[in-house]
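**Student:** After the structure tokens below, expect a handful of questions from me.
The values are calculated or read from the model by the stated rules, or taken from the named source; none is laboratory data. Keep in mind the model is a prediction, meaning the values are calculated, not measured. Note that each Cβ is placed from the backbone with ideal geometry, even for glycine, and that neighbours are counted across all protein chains shown.
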């Protein structure tokens, strides 16, 4: 019987979790470019097709790892904003930016957190199309909140502003062009000023 047919739900979840843990360790030790799918499978004690079966590719492993590790840092606050919005609350741009930036200091102070920022910067700024499952990893939900604060903005303009904002944040915190995570302190206060100003700028002509 093939491995695919033999795996039940809990066992499959355990396998995915093990692959993510091993991939995270290898990425932390060696960097993205030096870690192969074969190395992940071997270190996890899995058959050569395990990563492809569960995640599709190395980028798929990275996407799953980032969602599992990073989404919880923002999810509660973002869900709270969405619920408040449904009750008629109108956000201010600075409040939205604070939600984005709040976890950065803690992430940047920890080697594993710096790895996550680095990987996120590489995959997002590198233009890779990944199969995110959390709506907060896309632009639509963010654009909706920004337009609540700035109803004069079109959907396209709101998405464009967030794309620039997230690009600036990831460029500053993730060292996307390097082989290793950023090693300096994240300039959160300076970032906040630039991002708020950019998102809240006057309407385009």
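**Student:** How many of the residues making up the range 163-183 are surrounded by fewer than 17 Cβ atoms within 10 Å (Cβ to Cβ) and either within 13 Å of residue 117 (Cα to Cα) or outside the structural domain of residue 107 (by TED's automatic domain parsing) (or both)?
**Tutor:** Qualifying residue count for the region: 8.
**Student:** Which residues, taken from the range 107-158, are under 18 Å from residue 169 (Cα atoms), surrounded by 15 or more Cβ atoms within 10 Å (Cβ to Cβ) and free of Cβ contacts under 8 Å to residues at least 24 places away in the same chain?
**Tutor:** Selection gives 113, 143, 158.
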